[in-house]
Amino acid sequence: MSDTENMDWQELDQGDTASDTGNQEKSNEEPEGAGDLEAVFDVPVKVSAVLGITNLTVSQLLKLGSGSVVELDRKVGEAIDIYVNNRLVARGEVVLLEEKLGITMTEIIKGNE
């Protein structure tokens with residue numbers, strides 16, 4: 001994993017403005033056009049990470065209990081799909097961050113793929 005993958009957005013933004021010595025006074029301002037997007041910053045979106053899909057009958061579903069294994073249509077290590085508002089936007093990998101699961105986006109989907 002490269003150093004830039006571990007940086008947060010604030011560090012990346014500071015790195016870009018620090019290297020641009022001609023615009024030191026603009027370093028505390030929003031990027032051009034960001035003010036136009038401010039109205040949508042609080043709009044909720046639904047983000048889903050799909051590990052895989054399976055079809056079950058109701059009787060199979062009712063038989064599931066703690067410790068049950070459900071076979072999915074994906075193999076171990078295969079990319080997962082990332083949806084925003086039910087639209088496929090990226091593919092990625094599951095990662096472990098401290099004691100929490102996370103997702104690293106490995107591919108951005110453009111258009112309707």
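The values are calculated or read from the model by the stated rules, or taken from the named source; none is laboratory data. Fair warning: this is a prediction, and the values are worked out from it, not measured in the lab. Cβ atoms come from the backbone with ideal geometry, glycine included; neighbour counts cover every protein chain shown.
Table for the structure above
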read-out: Every residue from segment 74-86 that is surrounded by 11 or more Cβ atoms within 10 Å (Cβ to Cβ) and more than 10 Å from the chain's Cα centre (by Cα); value: ARG74, GLU78, ALA79, ILE80
read-out: Any chance SER59 is in a loop (DSSP other than H, G, I, E, B) and exposed (fewer than 12 other Cβ atoms within 10 Å of the Cβ); value: no
read-out: Enumeration of residues in segment 89-113 that are exposed (fewer than 13 other Cβ atoms within 10 Å of the Cβ) and among the small types (Gly, Ala, Ser); value: GLY102, GLY111
read-out: Qualifying residue in segment 53-70 (condition: more than 24 Å from ILE103 (Cα to Cα), free of Cβ contacts under 8 Å to residues at least 24 places away in the same chain and among the basic types (Lys, Arg)); value: yes
read-out: Residue under evaluation THR17, criteria (1) among the polar types (S, T, N, Q); (2) surrounded by 10 or more Cβ atoms within 10 Å (Cβ to Cβ); (3) modelled with pLDDT of 95 or more, criterion not met; value: (3)
read-out: Search result, residues across segment 38-56 that are of a type in the set (A, V, I, L, M), assigned to a loop (DSSP other than H, G, I, E, B) and closer than 20 Å to LEU88 by Cβ; value: VAL43, VAL45, LEU51, ILE53
read-out: Hits in segment 62-91 (condition: of a type in the set (Lys, Arg) and part of a helix (DSSP H, G or I)); value: LYS63
